[in-house]
1. Can you say whether T48 is among the polar types (S, T, N, Q), surrounded by fewer than 20 Cβ atoms within 10 Å (Cβ to Cβ) and modelled with pLDDT of 95 or more, as far as the supplied structure shows?
2. Scan the range 213-227 and tell me whether some residue there is of a type in the set (G, A, S), farther than 25 Å from L157 by Cβ and in contact with a helix residue (DSSP H, G or I) (Cβ under 9 Å, 6 or more places away or on another chain).
3. Filter the range 230-275 down to the residues that are closer than 24 Å to H154 by Cα, of a type in the set (A, V, I, L, M) and not in a loop (DSSP other than H, G, I, E, B) and list them by number.
4. Considering only residues that are out of contact with any helix residue (DSSP H, G or I) (no Cβ under 6 Å at 6 or more places or on another chain) and surrounded by fewer than 18 Cβ atoms within 10 Å (Cβ to Cβ), which ones fall in the range 81-102?
5. Give me the residue from the range 196-224 that is free of Cβ contacts under 8 Å to residues at least 24 places away in the same chain and in a helix (DSSP H, G or I) and, out of that set, nearest to A178 (Cα to Cα).
6. Does L162 count as in a helix (DSSP H, G or I), among the aliphatic types (A, V, I, L, M) and touching a helix residue (DSSP H, G or I) at 6+ places or on another chain (Cβ under 8 Å)?
7. What number of residues within the range 36-55 satisfy the criterion of being of a type in the set (S, T, Y), out of contact with any helix residue (DSSP H, G or I) (no Cβ under 8 Å at 6 or more places or on another chain) and over 12 Å from L263 (Cα atoms)?
8. Given the structure, is F32 touching a strand residue (DSSP E or B) at 6+ places or on another chain (Cβ under 7 Å), more than 23 Å from I14 (Cβ to Cβ), buried (at least 19 other Cβ atoms within 10 Å of the Cβ) and not β-branched (V, I, T)?
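The values are calculated or read from the model by the stated rules, or taken from the named source; none is laboratory data. Being a predicted model, the structure only gives us computed values, none of them experimental. Here the Cβ is made from the backbone with ideal geometry for all residues, glycine too, and neighbour counts use every protein chain on show.
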Amino acid sequence: MSSSTTYRIASIDILRGIVMIIMALDHTRDFFHVTAMTANPLDPATTTPALFFTRWITHLCAPTFVFLSGLSAYLSSQKKSPAKASLFLINRGLWLVFVEIVIVTFGLTFDPEFRFIVLQVIWAIGVSMILLGIIKQLGHKWVLFIGLILVFGHDLLNYADLPQTGTFADLMKIFLTAFGAFIPINSSHTLGVFYAALPWTGVMFIGYGIGYWFGKEYPVEKRKRNLLASGLSLIALFIVLRFISKYGDPSPRVDLGSWRSFLSFMNVSKYPPSLLFVCITVGISLVFLSLTENIKAKWSQIVSVYGKVPFFYYILHIYILHSLLAIIFFATGHSAVAIRDPNSLFLFRPPNFGYNLWIVYGIWIAVVASLYFPCRWFYKYKMSHGQWWLKYI
C-alpha cells in the first residue's frame, strides 16, 4: 500500500470520526436539553450564541457523512467487478432503508408499536446507494455531473407551485421537498420524513464522482490542491449567494441590527439541504481533507477509531442515549403513566423535560468516551474476521 493511500484513508477516517462524535452532540441535545422540543435553537431572534453554535456545528455531520459514503463507495468499487459493485450498493442500500425503519426508528422512539416511523439520514443514504448502484454504470464523471445537477438545481423547486395533497404531493415530499413532513399511513401510524432523499443523493454522487482523486495513482499534491480549491470555492459561493440572497436557500437572511444578523446569515436550510447548506458544510469538509492529508497526531488516531466503524457507533449511541434517558426519567420521579406523552414523539421524553446546555455537554462527552473501546474492539474484530455480514455493519 502506498503512503498516499494510507494518508488518504487516515484523513477520511479522521473526518468521519469527527462528524460522528459531533453527531452524538445533536442527539444528546434532542434527548436531554430542556428546550429541545419547545424552541428552535437556530432562530436568530431568540437563541443564544452557545445554543446556536451547538446546533449549527452539527450541520456538518449529515452532508459530510453522506459525501464520504459516496467517496468510500467509489474506493470500494475499485476492488470489485462493476456488476458486483453495483449489486453490493443496491443490497446495502436496501439494508439501510430497513435499518432506518426498524432499528433506528425504535432506538429513537422506544415505541414497540412503531406509531411513528422515522426517515432520516440512514434512509437517505440507503436510497442514494440504491440509485448509485444503478447510475454508476455510466462512469464517475456522469455520476458527478448528475450529483451537481441535483445539488445546484433542486432549489428551483422553491419557486414552483407544487401540489400539497395527494399521492404525488407525498412522493414529492419523500424524495425532494420534505421539511419535517408527517404522512399518515393509517389511523394509528405516521411516517415522519425529515430527509428528502434526492438532494442527499446529489451529495453522495458528488462524493463518488471525486473519488477518482483518491486513487492510488493520483498525485497526492494534486489531490490536496483540488480539495482545497474546491472547498474554498464552495465557501466563497456560499458567502456570495448568501449576500445576494436570491437563490440557494428558501430562507433569506435578515438584518437584525446586531450580532444576530450574523446568525441569520449562517442559518441556512437543512431540510431539505439547500445549495447554500451543502456549499458551507461540504466546503469545510473538503478543506479539512486537504489539510489533514498527512496528519499523524495522537488526537487524530483517537477520533479515527469512531470513523472506522460509523454504522456500529451510530446505532449504539442512539440506544445508549435513549436508555440513559429512560433511567433518568424514572430517577427524577416520573411515573410509568408519563412514559408516552401525546406531545412527544419519543417515549420517556416529555416536552418540558431536560437540563441546561452544560449538562447536555457532560452527558455527550461521557457517552462518546464510553464508546471508544467498543468501537476499537469491533474494528479489530472486523479486520480479523471475514463473515459476509460484517460488510453491512
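1. Working: among the polar types (S, T, N, Q): yes; surrounded by fewer than 20 Cβ atoms within 10 Å (Cβ to Cβ): yes; modelled with pLDDT of 95 or more: yes.
The answer is yes for T48.
2. Filtering the range 213-227 for residues of a type in the set (G, A, S) gives 215.
Filter once more, so that each one left must be farther than 25 Å from L157 by Cβ: 215.
In the following step, the residues that additionally are in contact with a helix residue (DSSP H, G or I) (Cβ under 9 Å, 6 or more places away or on another chain) were identified as 215.
There is at least one residue in the range 213-227 that is of a type in the set (G, A, S), farther than 25 Å from L157 by Cβ and in contact with a helix residue (DSSP H, G or I) (Cβ under 9 Å, 6 or more places away or on another chain).
3. The answer is L232, L234, I235, A236, L237, I239, V240, L241, I244, M266, L275.
4. Those that are out of contact with any helix residue (DSSP H, G or I) (no Cβ under 6 Å at 6 or more places or on another chain) and surrounded by fewer than 18 Cβ atoms within 10 Å (Cβ to Cβ): S81, P82, A83, K84, L87, N91, L94, F98, V102.
5. Among those residues, the one meeting the criterion is W213.
6. So L162 fails the test.
7. Total satisfying the criteria: 1.
8. Numbers: touching a strand residue (DSSP E or B) at 6+ places or on another chain (Cβ under 7 Å): yes; more than 23 Å from I14 (Cβ to Cβ): yes; buried (at least 19 other Cβ atoms within 10 Å of the Cβ): yes; not β-branched (V, I, T): yes.
The answer is yes for F32.
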